[in-house]
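The values are calculated or read from the model by the stated rules, or taken from the named source; none is laboratory data. In this text, all values refer to a predicted model and were calculated from it rather than measured experimentally. Neighbour counts are summed over all protein chains in view; Cβ atoms, including those assigned to glycine, are modelled from backbone coordinates with ideal geometry.
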Amino acid sequence: MLESFLSALAAVTTPEGLMLLALGTVVAFILGVLPGLSSTEGMIILLPFTFSIGLNDSMILLSSAYAAGFVGGAVTSIFLGIPGSSVSLATMMDGYPLHKQGRTSYAISLASVSSAVAGIFSLLLVALLLPYMEPISLLFGPVEWFAFVVFGLVILSFAGETTMLRGLFSAGLGLLAGTVGLSVMAGVPRYTMGVSDLWGGIPIIAAFVGLYPIAEAVFMAASHPRALGQVSEPAAGSEKSHGRQVIEGIQDTFRYGKALSISAVLGWLIGVVPGVGATFANFMAYLVVKGTSADKSKFGRGDPRGLIAAEASNNATVGGALIPALALGIPGSLNTAILLGVFMLNGVAPGSNIFTENLEVTWVILLATAFGTLLASGMALCIGARALAPLARIEQATIVPLIVFISCLAVLLARGNPFDLFLAFGLGLIGVLMKVFRLSRLSFVIALMLGPLVESSFFQALSVGRGSPAIFIQSAVANIIWLLVFGSVAAYIISWVRAKSSTTDALPERSSR
Amino acid sequence: MREQVETRVSSRFARVLVHEWGTIAFTLAAVGFLVGAFGLRGQAGQFPMAVAGLTVILGFANLALALSGRLGASDALRAGSSELGWNRRTVLSFVWFGFALALTYIFGLVVGAVIASPIYFLLLTSLGVFYSLLNGISIALFIWVVFSKIAGLPLYDGLF
């Protein structure tokens, strides 16, 4: 364990490693600051570089970007009062009022320091749990793995961007898209329409690029350039010196230790559950910290606790989300799905061997994410409010061609097949339609990625059970997971029915007025 | 009375058709997968058949829910469509994307960027001809220098 840690540390601290770390952090930080873009787009834009470097270096580049984009997103929420990305939605509730009060540097300081502390805490927790993760992953055979994927897809449907039914429908569509290509069990081409380029299935990089950067770029291009929020000027005369505000922010982050620790732990736990992700954690932590505070009157008006809760929780999910991704190969978020995609492109299958043969890569991911978080937080603190403002002002529409062509490069380098450009375009159209009709792109792409593995584990489990489907309920671990699946569905339906009946009850009152 | 109910139902049906045409299209795609699965032999067809069957059911359940107006307030908010206005700008954006990718496919990445980027700036931003050309060429140059010269990656150079 120690040997792997030291060699990972050596890999990250080589001149090349540090350069990649800086590149990943800076690119994702800048993209995080640009409204509408996040660390996901940052990671996809960095993908072309990973085709010319090894697995360790690829992980340094992508992992640092993973964490840095979250910190960048906070800057936009504070400056513009619109979320830089969905994971910073709750950040703007108290961040923007602080900016309006002329305490921008203070707000950025609170956001950066709480991000850094919670991010490092969550990664330390993963590092402490590493020795126990191999035995846990060994408990997962095809039956348990199948059950856990179903659990992940169901949870993804609840907590995703849309309603449960739409989320499940999107996951079904993703699984179907995953069946395109040669059948994993019979080796027969399916749904290829005679196109031999589709025999290998829908390439995951083309799917990432089409569904996210290209679909987002269509939205950016189609939205009017002047539709963006303007950076409002802070209250006149209230601006203290940048340095004083930064120091005050650092002190206050630790002064509100309760908010920081609650959010970090909650964010980490939410991150562990596949699919729930940073957006949910961001809101949940905000609500919990607000709920547990004696004085709630300042929340939404620039309360530092609200900003700490929002930022600490989303960064804490990073460590949590790495657990199902590394131990079971089940991505809990799009960012971890990209990491796993690069694993697979390098011929490394996540799972128990990640803690034996590839332990060094695991440490590289943890160290690069930690350094990326620290570097991005340091950047936000040092660059200062005045220098960051112009970045947040950049019109989305002007960066579209750059995003599109770098995304094309990633698609072309992944398989070296120009046909994939058309796939990316087609998936881009699907991504736009899914966004317009509020279907879950995240459920779709994760189901697409896991589809072939779900199918093979399903048939492997059946063959273990000699064709009897009873095998799926003969394992204690699988049964616990099935209970969680049905419990979550039941809880969702009950809450939906309650919400529906309370809406119906409210209607006569309204009409009687 | 009956006519009123029928009118209400048919107008709701029309509204669902308009607002949910994307969901209908995706459901029909799932039906296509289901039909296709019947043509596949043995294990190759079993998995897509099961998944397509469930997906079709979920698609119809979504539509039935929308048709019956049983979406709760928060559901309606989350399920309601579109942030994207279907106007000239949206159509131009789609056309530009198709054009840029086709150009890249035929002539390669750098040529695609040199030609398609200025056209984008001219059509979809408020930049003038000079700055559109300058921005477009800068993007192509940036990609060439960073990815080809510095990172040493092979840039796709088209069909010819």
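Which of the following residues is part of a helix (DSSP H, G or I) and more than 7 Å from chain A (Cβ to nearest Cβ): B:97, B:130, B:147?
Working: B:97 fails: more than 7 Å from chain A (Cβ to nearest Cβ); B:147 fails: more than 7 Å from chain A (Cβ to nearest Cβ).
After applying the criteria, what remains is B:130.
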Of all residues in segment A:222-254, count the ones that are modelled with pLDDT of 85 or more, under 20 Å from residue A:97 (Cα atoms) and of a type outside the set (Asp, Glu).
-> 5
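Table: residues versus (1) in a helix (DSSP H, G or I); (2) among the hydroxyl-bearing types (Ser, Thr, Tyr).
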position: A:123; (1), (2): yes, no
position: A:133; (1), (2): yes, no
position: A:136; (1), (2): yes, no
position: A:150; (1), (2): yes, no
position: A:157; (1), (2): yes, yes
position: A:162; (1), (2): no, yes
position: A:169; (1), (2): yes, no
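What do you reckon, is residue A:402 in a helix (DSSP H, G or I) and either hydroxyl-bearing (Ser, Thr, Tyr) or surrounded by 22 or more Cβ atoms within 10 Å (Cβ to Cβ) (or both)?
On the way: in a helix (DSSP H, G or I): yes; either hydroxyl-bearing (Ser, Thr, Tyr) or surrounded by 22 or more Cβ atoms within 10 Å (Cβ to Cβ) (or both): no.
So residue A:402 does not fit the description; no.
Only one residue in A:164, A:185 is more than 7 Å from chain B (Cβ to nearest Cβ) and either farther than 18 Å from residue A:428 by Cα or touching a helix residue (DSSP H, G or I) at 6+ places or on another chain (Cβ under 8 Å) (or both), so which one is that? Don't jump to the end; show me each part of the working.
Details: A:185 fails: more than 7 Å from chain B (Cβ to nearest Cβ).
Among A:164, A:185, only A:164 is more than 7 Å from chain B (Cβ to nearest Cβ) and either farther than 18 Å from residue A:428 by Cα or touching a helix residue (DSSP H, G or I) at 6+ places or on another chain (Cβ under 8 Å) (or both).
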Within segment A:58-73, can one find any residue that is surrounded by fewer than 24 Cβ atoms within 10 Å (Cβ to Cβ) and either without any contact (Cβ under 8 Å) to a residue 24 or more places away in the chain or in contact with a Ser or Thr (Cβ under 9 Å, 6 or more places away or on another chain) (or both)?
-> no
Unmet criterion (only one of (1) more than 10 Å from every other protein chain (Cβ to nearest Cβ); (2) buried (at least 24 other Cβ atoms within 10 Å of the Cβ)) for residue A:412 | (1)
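Quick one: would you say residue B:84 is at pLDDT below 85, more than 24 Å from the chain's Cα centre (by Cα) and facing chain A (nearest Cβ under 8 Å)? It would help to see each step written out before you state the result.
Values: at pLDDT below 85: yes; more than 24 Å from the chain's Cα centre (by Cα): no; facing chain A (nearest Cβ under 8 Å): yes.
It is false that residue B:84 is at pLDDT below 85, more than 24 Å from the chain's Cα centre (by Cα) and facing chain A (nearest Cβ under 8 Å).
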Quick one: what pairs do we get from segment A:129-154, first residue under 17 Å from residue A:319 (Cα atoms), second of a type in the set (S, T, N, Q) and crowded, with 22+ Cβ neighbours inside 10 Å, C-beta under 9 Å, 6+ apart or different chains?
-> A:130/A:362; A:133/A:362
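Between A:326, A:287, A:266, A:307, which is touching a helix residue (DSSP H, G or I) at 6+ places or on another chain (Cβ under 9 Å), aliphatic (A, V, I, L, M) and under 27 Å from residue A:45 (Cβ atoms)?
Numbers: A:287 fails: under 27 Å from residue A:45 (Cβ atoms); A:266 fails: under 27 Å from residue A:45 (Cβ atoms); A:307 fails: under 27 Å from residue A:45 (Cβ atoms).
Criteria check complete, one pass: A:326.
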Kindly indicate whether any position in segment A:106-124 is surrounded by fewer than 24 Cβ atoms within 10 Å (Cβ to Cβ) and among the small types (Gly, Ala, Ser).
-> no
